[in-house]
Amino acid sequence: MTVLLPKYTVTVAAGGWVQPVEGVTASGTYHAAGSAWQMCGWHTGDDYPAPIGTIVHAAAAGTVVHASWGGDAGGTGPAYGNQIIIDHGGQVRSYYAHLSAIAIQVGATVTAGQVIGAVGETGNAFGPHLHFEVTLGTSSMPSCSQFTDPVAYVKAHAGTAATGTALSAALVAAARSQLGVAYSYGGGTLTGPSAGIDGRTGWDCSSFARYVWYTATAGKITIPRTTTEQVASLPVASGAMQPGDLIEFWIDGSWSHVGVYIGAGQMIHAPNPARTVSVDSLSSGYYTALKQTVRRPR
């Protein structure tokens, strides 16, 4: 499964590494023994527990050598689910497994901090998380002796991350992670789809926007539940829109619909009961005919 997202990056010190999931503490289970890990009999990486759709960053600059379904450390079995492998040169590689979305292609050159995918639970996963590995001394299928503690390796080679467009990238990734989910009036919570008044599990437009901002900011920003309340956010000129901004629509005498801007004149939203969460162009006839305003939560 491949979902292409815009190429957003954060800036780090030259040659520096960053944690693949911002604001999440790894489980500390590297080298834990157990039958669940058949390749070596122990956990060859570490896990970053996070909600499905949480963005995943490239830990360091390199070239993508695998971006699809994959087995252990690049094999062909089901264990790792959707997986990305990045070659950093010098026979150093990083591995990102169980992804819900892949935002990069084989052969692409990435920078440290670039958004490459989203957390999921594909393959052999017990709950949503990123399984992260680093191997040393190999440019192909590694042996068990070539795995190293990935969290310790990142810390030992860390750069200093800056802000910039990282928030926009997180917002777009969170929105894209819900594409295809059903519309459900009154459905949706801060952490995922839920049953609405119609009994279906899904989102209405305002709960979807609320989820996107809550997820992308790791709970730091919780916007109001309704579009009428959401429109009280910081106004933004239409020419200054950034990915992640909220586009509110005036329908039947009130601000009653909202979408999440993703750039290139498009938004992702939960349109109506006849459609799932979708990408739509703001230049389509229906939306251009409506009064619009842009808001940026803070």
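The values are calculated or read from the model by the stated rules, or taken from the named source; none is laboratory data. Please read these numbers as outputs of a predicted model, since none were measured by experiment. Ideal geometry is used to build each Cβ from the backbone, glycine not excepted, and the neighbour counts take in all protein chains shown.
Can you say whether residue 239 is out of contact with any strand residue (DSSP E or B) (no Cβ under 7 Å at 6 or more places or on another chain), outside the structural domain of residue 50 (by TED's automatic domain parsing) and on the phi > 0 side of the Ramachandran plot, as far as the supplied structure shows? Break it down stepwise before answering.
Working: out of contact with any strand residue (DSSP E or B) (no Cβ under 7 Å at 6 or more places or on another chain): yes; outside the structural domain of residue 50 (by TED's automatic domain parsing): yes; on the phi > 0 side of the Ramachandran plot: no.
Criteria not met by residue 239.
Suppose we filter the stretch 211-223 for residues that are in contact with a strand residue (DSSP E or B) (Cβ under 9 Å, 6 or more places away or on another chain) and either surrounded by fewer than 16 Cβ atoms within 10 Å (Cβ to Cβ) or without any contact (Cβ under 8 Å) to a residue 60 or more places away in the chain (or both); how many remain?
2
Looking only at the stretch 83-107, filter to residues that are within 12 Å of residue 67 (Cβ to Cβ) and hydroxyl-bearing (Ser, Thr, Tyr); which one of those is surrounded by the fewest Cβ atoms within 10 Å (Cβ to Cβ)?
It comes out as 95.
Go through (1) under 17 Å from the mean Cα position of the chain (by Cα); (2) surrounded by 14 or more Cβ atoms within 10 Å (Cβ to Cβ) and name the single condition residue 233 misses.
With (1) under 17 Å from the mean Cα position of the chain (by Cα); (2) surrounded by 14 or more Cβ atoms within 10 Å (Cβ to Cβ) applied to residue 233, the lone miss is (1).
Just give me the residues in the stretch 170-210 being under 17 Å from residue 249 (Cβ atoms), crowded, with 20+ Cβ neighbours inside 10 Å and not small (Gly, Ala, Ser), in sequence order.
Here is the first cut: in the stretch 170-210, the ones under 17 Å from residue 249 (Cβ atoms) are 175, 183, 185, 203-210.
Keeping just the survivors that are crowded, with 20+ Cβ neighbours inside 10 Å gives 175, 183, 203-210.
Within the stretch 170-210, 183, 203, 204, 205, 208, 210 meet the criteria.
Any idea how many residues of the stretch 276-298 are modelled with pLDDT of 95 or more and either closer than 17 Å to residue 235 by Cα or out of contact with any Leu (no Cβ under 9 Å at 6 or more places or on another chain) (or both)?
Residues that pass the stated criteria total 0.
Looking for whichever is of a type in the set (A, V, I, L, M), part of a loop (DSSP other than H, G, I, E, B) and at pLDDT 65 or above here; the options are 12, 64, 24. Which one fits? Break it down into steps so the answer makes sense when it comes.
On the way: 12 fails: at pLDDT 65 or above; 64 fails: part of a loop (DSSP other than H, G, I, E, B).
So the residue among 12, 64, 24 that is of a type in the set (A, V, I, L, M), part of a loop (DSSP other than H, G, I, E, B) and at pLDDT 65 or above is 24.
Can you give me the ranges of the strands (runs of 3 or more DSSP E) entirely in the stretch 88-150 with at least 3 residues that are more than 19 Å from the chain's Cα centre (by Cα), in contact (Cβ under 8 Å) with a residue 24 or more places away in the chain and closer than 21 Å to residue 167 by Cα? Give the derivation first.
Numbers: elements: 92-99, 115-118, 129-136.
Result: empty, no element qualifies.
Determine whether the stretch 45-53 contains at least one residue that is modelled with pLDDT under 90, aromatic (Phe, Trp, Tyr), buried (at least 16 other Cβ atoms within 10 Å of the Cβ) and in the same structural domain as residue 167 (by TED's automatic domain parsing).
No.
Please specify each residue of the stretch 260-298 satisfying the condition of being closer than 21 Å to residue 193 by Cα, in contact with a Gly (Cβ under 6 Å, 6 or more places away or on another chain) and not β-branched (Val, Ile, Thr).
Those that are closer than 21 Å to residue 193 by Cα, in contact with a Gly (Cβ under 6 Å, 6 or more places away or on another chain) and not β-branched (Val, Ile, Thr): 267, 269.
Output the residues belonging to the stretch 76-91 that are over 20 Å from residue 129 (Cα atoms) and at pLDDT below 90. Steps first, please.
Our first condition is that a residue be over 20 Å from residue 129 (Cα atoms); within the stretch 76-91, this holds for 76, 87-91.
Scanning the stretch 76-91 gives 76, 88, 89, 90, 91.
Scan the stretch 108-152 residue by residue and report those that are of a type in the set (Ser, Thr, Tyr) and surrounded by fewer than 23 Cβ atoms within 10 Å (Cβ to Cβ).
Answer for the stretch 108-152, where residues must be of a type in the set (Ser, Thr, Tyr) and surrounded by fewer than 23 Cβ atoms within 10 Å (Cβ to Cβ): 109, 111, 122, 138, 139, 140, 143, 145, 148.
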